[in-house]
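Undergrad: Take a look at this one; I'll ask things after.
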Amino acid sequence: MSFSRESRYRNVVSTGDYSGAPRGVPPMLIVGCLALVLIACCGMSGLFSGLVWGAGGVDKVTRGASLPFGQPSATPTLDKNAPVPLRRAGAMDNGLELTVINVQRPLKVQGGAPLPADQQFILVTVQITNTKKTGAAIAVSPTAFQAKGDGGLAYETNPKTVTIPNLLTDVGIAPGKKIEAELIYQIATDDSGLRLLWKIGNQTRTFALEK
C-alpha cells in the first residue's frame, strides 16, 4: 500500500511524533513535587515539636496561655510556725506527727485536792505517730508539752494532783506506729485562746485547743 506525500506529512503532525513540538508538564511530576513539599513541612514540624518538648517550651507556652477556667494555683507552702487546727496533723522534723483529737474543758476529777474557784482542769487527747518506715523508735516525753493561753500564763503537763488512766509518760514510738494518750492541765478558769506547745530540740509546734 502506498500513501501520498501529503498524507504521510499529516499523520506525523497529528500523532505528535515530531520531536520539535512543545510538550506540557506531566501531572505525575506535579503530584510528586507537592508530596515532597508536604513531607518536608511535616519533618520540620516534628523537629520543632521535639525541640520544644526537650527545652521545656511546652510548659512555658502553657503558663503563658489563657486557660478557660483561670490559671492553676500553686500549692501553698506549709508554715510550721502557724498554729495547727484541731484534728489536723502537725509534723516535726524528727519524723513524729501529732494530732489533737479531743479537748475536754472542764475535766471533772473525782477526789484529789480541791481546786481554787478560779481554776479548772482540762483534758487533751493526742495521737502521736512515727511517720518513718525504718530506724529506731523515737522518744516522746510529757515534759516536751506545755499549754498557754491569751492571758500569758504557761501551764505544765500532768500535775501530780491528778492521776487517770492513759496519761502520757516517757515512751518510744517505733517506725510506722502510733499511740493515743492524755495530757492534763490545771488552768485559770477565765483563760482563753488555749494552745498546746510541743517542743523537740530547737523546734516548737503550736496546736490550737479551742476554735
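Read the figures in this text as sums done on the coordinates, not as results from a lab. All of these numbers come straight from a predicted model, not from anything done at the bench. As a convention, Cβ positions derive from the backbone with ideal geometry for all residues, glycine included, and neighbour counts pool all protein chains shown.
Undergrad: Going 7 Å from the Cα of residue 153 in the Cα-to-Cβ direction, what parts of region 163-207 have a backbone nitrogen less than 16 Å from that spot?
TA: So the set is 184-196.
Undergrad: I've got another one for you. Fewest Cβ neighbours within 10 Å first, please rank 88, 195 accordingly.
TA: 88, 195
Undergrad: Which order do the peptides 114-125, 96-107 come out in when sorted by mean C-beta neighbours inside 10 angstrom, highest first?
TA: The peptides rank, most packed first, as 96-107, 114-125.
Undergrad: Could you put 199, 132 in order, starting from the residue whose Cβ has the fewest other Cβ atoms within 10 Å?
TA: 199, 132
Undergrad: Where a Cα-Cα gap under 30 Å defines reach, which lysines qualify for residue 178, not counting those fewer than 8 residues away within the same chain?
TA: Partners within reach: 80, 108, 132, 133, 148, 160, 199, 211.
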